[in-house]
Amino acid sequence: MKIIFKILTITLLLFPVIVGACKKQAKCGCDGDIINSFAGVPVTVVYDSVNKSAQFRLVGDYYSRYYFCNPTDMMDKLVTFENGAEVLIDCDIYWECNYMYQASNSYYGSMYRVYMADVSDIRENLYGK
């Protein structure tokens with residue numbers, strides 16, 4: 001009986017430690033949890049002014065895509081640059097939901113990454129191409 005009581009006591013003491021080790025998964029999408037912020041980061045931007053969509057990739061990073069959360073708000077600034085232009089960007093970064101769900105269950109997530117970006121400013125990269 002003493003052994004059972006000791007095992008039960010140890011289990012009750014260790015249970016909060018084991019359960020407390022779990023971390024909350026970040027919320028995805030533009031209204032989710034911010035996972036990073038960029039300030040004056042050089043990117044290559046591509047946009048479609050007719051359909052009001054835009055995306056960018058970091059200069060030198062060919063395995064990640066960042067889709068604008070607010071392409072219509074930034075379109076006036078975007079159209080002043082050529083498609084594929086290297087610009088500087090300020091934004092908050094979020095997980096893209098479809099990517100997050102696919103990446104959690106496959107090898108897909110370790111290669112190509114997809115994010116959402118709430119862009120606050122775009123400006124010319126005077127030192128870029």
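The values are calculated or read from the model by the stated rules, or taken from the named source; none is laboratory data. Note that the structure is predicted; figures quoted are calculated from it, not measured. Heads up, the Cβs are rebuilt from the backbone with ideal geometry, glycines too, and the neighbour counts pull from every protein chain shown.
Computed quantities for the displayed model
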item	result
Condition broken by Val119, with the remaining ones in (1) modelled with pLDDT under 90; (2) surrounded by 13 or more Cβ atoms within 10 Å (Cβ to Cβ) satisfied	(1)
Residue list for the range 52-100, filter: more than 16 Å from Arg113 (Cβ to Cβ) and among the polar types (S, T, N, Q)	Ser53, Asn70, Thr72, Thr80, Asn83
Candidates Val19, Val79, Val45, Val50, filtered to the one that is modelled with pLDDT of 95 or more and either surrounded by fewer than 13 Cβ atoms within 10 Å (Cβ to Cβ) or among the β-branched types (Val, Ile, Thr) (or both)	Val45
Residues (free of Cβ contacts under 8 Å to residues at least 40 places away in the same chain and either charged (D, E, K, R) or surrounded by 13 or more Cβ atoms within 10 Å (Cβ to Cβ) (or both)) located in the range 58-72	Leu58, Asp61, Pro71
Test: residue in the range 97-113 that is at pLDDT 90 or above and either loosely packed, with under 14 Cβ neighbours inside 10 Å or not polar (S, T, N, Q) (or both)	no
